Amino acid sequence: MKFPVLAIAAALLLAACAGPTPRAVIVDGSIKILDRGVPGIQPGAASGEWMVVRGNSDGQLNVMNLQGAIVVRPDSPGGAWMGRRVATTVGATPFLRWSWYLEPQQFAGGPGDGTERGVRIVIFFRSVERPSIERYAGWVGVPGPEWDRFVEFDFGGFGAPRIEEARLAKWVSDDAGRKLMLREPRAGQAGLWHSEAVDLNEVHKHFWPNEDPAKVQVVMVAVGGLRAAIPAEASPAIGYLADVSLSK
């Protein structure tokens, strides 16, 4: 009986002694998610701030300097994402801003397998109300999960026989799959840069109306590509994400 007790005590001690997770903080009223601190752009970047999730069958994520801007280019078939840990709340930085571009070739050649093609941004939250078991764990120094809910902004659409006929949309869904359409499908969006701004207060209220979003923590912002089959003749690049930030 002593060994399990000692093992648990040792685990708690290690957890309590571990340093805080590094996170990007607010500077001049905003947090720039994609800056020169992104791993792969600058030697010695704070890699601990980042989480990269990529399965064996996911496409690559390419970080590059595109005409002076730090951008992420997800490659087909998509699925991979990279997230930056941040220290803020919805109330402190309610506005999510970003720029995006979709490669026109991704949307030509027919409907493919019927799934959306495009790029995405995922916002991970940690709510104020904690389950009792997690509060108890916190009292003895065991860290809780980094997040307990998220929303995903997707921008893309279905393939079409001709590029100019492809219809693209913008929508957001929560971790339960509930969906809110932000922009109805329309033609002519691929091949152009778009700038966006969304109020996370309103998004959070839509999915979790019984909780004050101003107190909800934002713990990570991630970017990546949607998983989908694409035309064989298309280039691997799904699109580009740039200028991602949280601000007041």
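The table below lists the values:
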{"read-out": "P(r) tail fraction, the range 22-247 - alpha-carbon pairs more than 27 Å apart, %", "value": "34"}
{"read-out": "Gyration tensor (alpha-carbon) shape descriptor, the range 156-198, a/c threshold 1.5", "value": "oblate"}
{"read-out": "Residues E164, E103, sorted so that the one with the fewest Cβ neighbours within 10 Å comes first", "value": "E164, E103"}
{"read-out": "Local net charge near S57, Cβ-Cβ under 14 Å (Lys/Arg +1, Asp/Glu -1)", "value": "0"}
{"read-out": "Peptide ranges 201-213, 72-84 listed from the most packed, as the mean C-beta count within 10 angstrom indicates", "value": "72-84, 201-213"}
{"read-out": "Candidate lysines for bridging to K205, where Cα separation is under 16 Å - those fewer than 8 sequence places away on the same chain excluded", "value": "K179, K215"}
{"read-out": "Net lengthening on full extension, L192/R54 (0.36 nm per residue, minus Cα-Cα)", "value": "47.0 nm"}
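Bear in mind these aren't lab numbers, they're just calculated from the coordinates by the rules spelled out. Note that the structure is predicted; figures quoted are calculated from it, not measured. Heads up, the Cβs are rebuilt from the backbone with ideal geometry, glycines too, and the neighbour counts pull from every protein chain shown.
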